[in-house]
1. Return the total of residues in the stretch 64-82 being surrounded by 14 or more Cβ atoms within 10 Å (Cβ to Cβ), farther than 19 Å from THR99 by Cβ and more than 36 Å from the chain's Cα centre (by Cα).
2. Please indicate, with yes or no, whether at least one residue in the stretch 38-54 is in contact with an Asp or Glu (Cβ under 9 Å, 6 or more places away or on another chain) and either more than 17 Å from VAL5 (Cβ to Cβ) or part of a loop (DSSP other than H, G, I, E, B) (or both).
3. For the stretch 2-17, does any single residue satisfy the condition of being aliphatic (A, V, I, L, M), within 30 Å of PRO119 (Cβ to Cβ) and within 26 Å of the chain's Cα centre (by Cα)?
4. Go through (1) surrounded by fewer than 15 Cβ atoms within 10 Å (Cβ to Cβ); (2) at pLDDT below 90 for GLY39 and report which single condition fails.
5. Looking at (1) touching a residue at least 60 places away in the same chain (Cβ under 8 Å); (2) closer than 26 Å to THR128 by Cβ; (3) touching a Ser or Thr at 6+ places or on another chain (Cβ under 8 Å), which is the only condition PHE7 fails?
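The values are calculated or read from the model by the stated rules, or taken from the named source; none is laboratory data. A quick note: this is a predicted structure, and the numbers were derived from the prediction, not measured. As a convention, Cβ positions derive from the backbone with ideal geometry for all residues, glycine included, and neighbour counts pool all protein chains shown.
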Amino acid sequence: MVKIVAFNKPFNVHSQFRSEELQITLSDFIHDPNLRIAGRLDRDSEGLLLLTDDGQLNQQITHPKHKQYKSYVVQVEGDVSENAIEQLRRGVMLKDGMTLPAKAEKITEPKWLWERDPPIRHRANIPTSWIEIQICEGKNRQVRRMTAAVGFPTLRLIRTQIGSVNLLDLGVGLGESTPLEALFYDEFRHLLKQKNKTQDHAKSGLSWKDQQRKNQNSKDHSNNGFKPNKTKSKNSQTEKSDSRQKSGNPSSARRDTNNTKPSNRRATTKQRNKE
């Protein structure tokens with residue numbers, strides 16, 4: 001059975017299992033050696049992190065081609081302007097290229113927000129504001145670079161959602177994890193169905209196309225309205241007729257004798273009498 005685990009990563013935790021001196025890593029919270037990270041979070045970022053023991057599922061979550069939207073709640077320095085929000089929506093030019101358009105809006109400070117340890121640096125003369133942003137790319141530190149590019153550096157970043165997996169709906173506390181049932185999520189359920197089909201084909205020793213033909217043949221034979229091939233029946237009758245002629249059918253010979261004309265018979269009799 002495929003394992004998927006949701007973890008609420010605290011600030012200052014490295015997204016890796018390998019322990020290094022004076023570093024807090026995932027190994028301090030999660031102890032299943034089969035789990036692998038599906039989409040990293042930087043050390044100074046918080047929130048939803050998914051882990052799985054399935055390589056295909058990991059690819060589904062992380063690869064940009066699947067356009068898996070990830071949602072973030074971001075505290076930025078300064079009172080973010082509507083113009084900056086619009087720039088994020090259109091896409092921002094970074095050193096490694098233009099970002100795809102993001103879904104972005106200004107929000108009030110979330111009520112569910114937990115305290116960060118340590119808290120962000122407070123500057124009395126500079127206000128802060130909050131943005132909710134959704135992206136479907138995976139550039140390095142992308143959200144932080146995007147807000148900085150439009151003039152509002154990120155102070156705090158919390159990932160709240162990956163695809164249809166929502167951290168707040170799960171109710172997972174900071175530093176806690178919970179297993180997920182893959183069949184409850186559309187993107188995972190579809191992948192698992194495809195994977196099960198592939199495994200069934202492998203067990204049967206048939207390729208996918210051969211399995212499709214086999215299934216179609218089964219449907220045809222189980223169809224109560226199945227009709228025989230008329231062309232084949234006509235050909236069979238023709239072949240039977242030809243075989244009779246080749247074998248010299250006696251009934252045909254009798255028909256030929258009976259068809260001899262009477263006038264020819266009388267002529268033959270008279271000729272014999274003269275002799």
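1. 2
2. Checked against the condition, which is being in contact with an Asp or Glu (Cβ under 9 Å, 6 or more places away or on another chain) and either more than 17 Å from VAL5 (Cβ to Cβ) or part of a loop (DSSP other than H, G, I, E, B) (or both), the stretch 38-54 yields at least one hit.
3. So in the stretch 2-17, the residues aliphatic (A, V, I, L, M) come out as 2, 4-6, 13.
When the remaining residues are screened for being within 30 Å of PRO119 (Cβ to Cβ), the result is 5-6, 13.
Applying the additional criterion that residues be within 26 Å of the chain's Cα centre (by Cα) yields 5-6.
So far as the stretch 2-17 goes, yes, one or more of its residues are aliphatic (A, V, I, L, M), within 30 Å of PRO119 (Cβ to Cβ) and within 26 Å of the chain's Cα centre (by Cα).
4. If we test GLY39 against (1) surrounded by fewer than 15 Cβ atoms within 10 Å (Cβ to Cβ); (2) at pLDDT below 90, just (1) comes out false.
5. (2)
Quick grid of which residues meet (1) surrounded by 11 or more Cβ atoms within 10 Å (Cβ to Cβ); (2) touching a Ser or Thr at 6+ places or on another chain (Cβ under 6 Å); (3) not aliphatic (A, V, I, L, M):
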| site | (1), (2), (3) |
| --- | --- |
| GLU86 | yes, no, yes |
| LYS95 | no, no, yes |
| THR108 | no, no, yes |
| PRO119 | no, no, yes |
| SER129 | yes, no, yes |
| ILE135 | yes, no, no |
| ARG141 | yes, no, yes |
| ILE162 | yes, no, no |
